[in-house]
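What follows is one structure encoded as structure tokens, with my remarks underneath.
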Amino acid sequence: MPEIRRLPDDLVNRIAAGEVVERPASALKELVENAIDAGSRTIAVRLASGGLDLIEVTDDGCGMGAAEIALALERHATSKLPDERIEMVATLGFRGEALPSIASVARLTIESRARGSEEGWRRVVDHGGLAGDGPAALPPGTRIRVEDLFGRVPARRKFLRSARAEYAACLDVVRRLAMARPDIGFTLEHEGRRALATQPDEALAARVARLVARELAEDGVVIEAERGSARLTGVAGLPTFNRGVADHQYLFVNGRPVKDRLLIGAVRGAYADMLARDRHAVLALFLEIPPEDVDVNVHPAKTEVRFRDPAFVRGFLVGALRHALEAQGQRSAQAPAADAMAAWQVEPVADGVPTLQSLFARQHAPPNNAVRETTAAWHGFGQDVMAPPAARAEEAVLDNATAEYPLGVARGQVAGTYIVAEAQDGLVIVDQHAAHERLVLERLKAAGAEEAMTRSQALLLPEVVELDEPDCDRLEDKAGELARFGLVLERFGPAAMLVRAVPSVLGKADAASLVRDIADDLARHGDALLLGEKLDLVLATMACHGSVRAGRALSVAEMNALLREMERTPRSGQCNHGRPTWVKLAHEDIEKLFGRK
């Protein structure tokens, strides 16, 4: 047997560096977190070649003396754990390995001056060896320079990406940390060009909009919710303000940026019936929870966490997001697109062209071939739950007092698809199918459709699904909850489950695939999330098929009935796929089209 021996310190540091310092962005994250924990008010970052050649972080924090600098460069030395209770840590960094790990694979220069001290101190470590130690002149605070990262470790250096890609990762790190601390001012320069600058003591919503997307100031919802000892704040984009990728979702736990699967799943669940599957919400959420209820030391880079009660956290996030979005009523990110506005042309009116008055008169006249169809009520979902607005037309006797109605009074229909309404402050254009799709979905929910959907359909021959034993254990633990969704399971030996019934609305669904997907979801999140989302998807699909179609002629009474119901219905500003249901041309926009402004 080979002899067991102690590893030399320089090799130990290089192994630790492999855990802590994966790329320039991870080194930068450790340095900026240290600056934040030092009580800084301003933090300045300079980069060269995406951080490959230079990373410099300067702060005005508490600073250090010569002895503290030397101790900070030793492994497992930290000022951030007052005692041995690591679960109660309240700072960002606490492992005590970042500085010696970085110094083992780069040239590290620390200059620091403690507050109240007459002079500063400077220490240089070049790839693990002491290269300089002596006085330094600088204001109170700390300046750390990291040069030639992995310069003497070519095997690591060659696996790094291009300078542009590494810079993008560094920018993302600073953006996330700046978002978490609006009380601190941040600047970031790359190759002499300032890429990010914020002022200290900004409002959270303003800081998020500045760093994520300026449109969030208009198209976002401020989140403020509390449940027990947990608190959630932040800004969430309206469903109509979405992206094709999920890289604009910023999640924080106790001020720490994380990429946690549970939280990402909660966001997906909150927007489940408001976004298409390939679209993603834009948001920044800050969860504050007692330190004893979350473990932040489950990942070397501290980007993942583990919650003591994951079901509570998920339910809290989903509930808070849905409540905030529903409170916005029919609001949506519905500013007219610039290219669409530019397509308008001013042309002379030729002889024989109908006047505007005649066009409106023609629209107000009942259409000769108006479709008078009705939709049969779905069994079990309540009477007229899917009826088109015609069934409520008698409730829509309106006058021309447009000031009473946010979405105005219907004036006509374009292409059998878009309702044109006059509001007090502009012209409203409504996509009749998208709008009615949302209304039907909300009516289905209000009528108890979700409960009706959970009815079970017994299988003629129960189906055996073979799984790993841990998956079977998780499914067995959740069997009662799954039964409430309409999925009836029984244990069938150590590595199989017996499916006796499935939710009736799923029809001829592949029971084996459904059970495997739920087992995978339970393994990831510890809760039966996927089935609920499948039911939401079915509900949205039914609403789509039960709504008035594009191309159907509507009477003015039907149009107004649709507008009034939109004003009463939460989340009516977007359809079930995240598209806007209406847009508004303000009077100023119309005046610009005609050259009045």
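The values are calculated or read from the model by the stated rules, or taken from the named source; none is laboratory data. Nothing here was measured: the structure is a model prediction, and the numbers come from that model. FYI the Cβ positions are ideal-geometry reconstructions off the backbone, even for glycines, and counts take in every protein chain you see.
Among the residues examined, Val173 does not qualify as touching a helix residue (DSSP H, G or I) at 6+ places or on another chain (Cβ under 7 Å), within 30 Å of Leu325 (Cα to Cα) and either modelled with pLDDT under 90 or not assigned by TED's automatic domain parsing to the domain that holds Ala70 (or both). Out of all the residues in the range 234-247, is one or more within 30 Å of Ala48 (Cα to Cα), of a type in the set (S, T, N, Q), in contact with a Gly (Cβ under 6 Å, 6 or more places away or on another chain) and not in a helix (DSSP H, G or I)? No: the range 234-247 contains no residue that is within 30 Å of Ala48 (Cα to Cα), of a type in the set (S, T, N, Q), in contact with a Gly (Cβ under 6 Å, 6 or more places away or on another chain) and not in a helix (DSSP H, G or I).
Against the conditions (1) assigned to a strand (DSSP E or B); (2) farther than 14 Å from Leu317 by Cβ; (3) not charged (D, E, K, R), Ala205 satisfies every one except (1). Just to be sure I understand the filter: pairs with C-beta atoms under 8 Å, separated by 6 or more residues or on different chains, first member in the range 215-242 and on the phi > 0 side of the Ramachandran plot, second member surrounded by 15 or more Cβ atoms within 10 Å (Cβ to Cβ) and among the small types (Gly, Ala, Ser). Which pairs pass? Listed pairs, sorted by first residue: Gly234/Ala284.
Residue by residue, here is whether (1) at pLDDT 80 or above; (2) touching a helix residue (DSSP H, G or I) at 6+ places or on another chain (Cβ under 6 Å); (3) farther than 29 Å from Ala25 by Cβ holds:
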{"residue": "Arg214", "(1), (2), (3)": "yes, no, no"}
{"residue": "Gly220", "(1), (2), (3)": "yes, no, no"}
{"residue": "Gly234", "(1), (2), (3)": "yes, no, no"}
{"residue": "Gly255", "(1), (2), (3)": "yes, yes, no"}
{"residue": "Val258", "(1), (2), (3)": "yes, no, no"}
{"residue": "Asp278", "(1), (2), (3)": "no, no, no"}
{"residue": "Pro290", "(1), (2), (3)": "yes, no, yes"}
{"residue": "Asp295", "(1), (2), (3)": "yes, no, no"}
{"residue": "Val298", "(1), (2), (3)": "no, no, no"}
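Checked against (1) touching an Asp or Glu at 6+ places or on another chain (Cβ under 9 Å); (2) at pLDDT 90 or above; (3) not aliphatic (A, V, I, L, M), Gly244 passes all but condition (2).
Applying the selection to the range 204-232, what residues are exposed (fewer than 15 other Cβ atoms within 10 Å of the Cβ) and closer than 17 Å to Leu287 by Cα? Matches in the range 204-232: Val222, Glu224, Glu226, Arg227, Gly228, Ser229. Scanning the range 568-592 for residues that are surrounded by 14 or more Cβ atoms within 10 Å (Cβ to Cβ) and assigned to a helix (DSSP H, G or I) gives His587, Asp589, Ile590, Lys592.
Against the definition (modelled with pLDDT under 90, over 28 Å from Asn254 (Cβ atoms) and surrounded by fewer than 19 Cβ atoms within 10 Å (Cβ to Cβ)), how does Glu118 come out, yes or no? Here the answer is yes, as Glu118 does meet what is asked.
Figure legend. Inter-residue proximity from the range 476-499: first residues part of a helix (DSSP H, G or I), second residues surrounded by fewer than 19 Cβ atoms within 10 Å (Cβ to Cβ) and among the basic types (Lys, Arg), beta-carbon distance below 7 Å, spacing 6+ or different chains. Indicated pairs: Glu476/Arg491. Only one entry in Gly486, Gly448 is exposed (fewer than 14 other Cβ atoms within 10 Å of the Cβ), modelled with pLDDT under 85 and either in contact with a Cys (Cβ under 9 Å, 6 or more places away or on another chain) or at positive phi (or both), namely Gly448.
Number of residues in the range 40-55 that are assigned to a strand (DSSP E or B) and either among the polar types (S, T, N, Q) or closer than 21 Å to Arg156 by Cα (or both) equals 5.
Does Leu262 count as modelled with pLDDT under 90 and either part of a strand (DSSP E or B) or more than 27 Å from Arg579 (Cβ to Cβ) (or both)? Yes. The lone criterion from (1) at pLDDT 85 or above; (2) within 15 Å of the chain's Cα centre (by Cα); (3) not in a strand (DSSP E or B) left unmet by Arg210 is number (2). Which residues, taken from the range 106-149, are over 17 Å from Glu56 (Cβ atoms) and not small (Gly, Ala, Ser)? Hits for the range 106-149 are Arg115, Glu118, Glu119, Trp121, His127, Leu130, Asp133, Pro135, Pro140. Of all the criteria given as (1) modelled with pLDDT under 85; (2) farther than 30 Å from Pro406 by Cβ; (3) surrounded by fewer than 20 Cβ atoms within 10 Å (Cβ to Cβ), the one not satisfied by Asp477 is (1).
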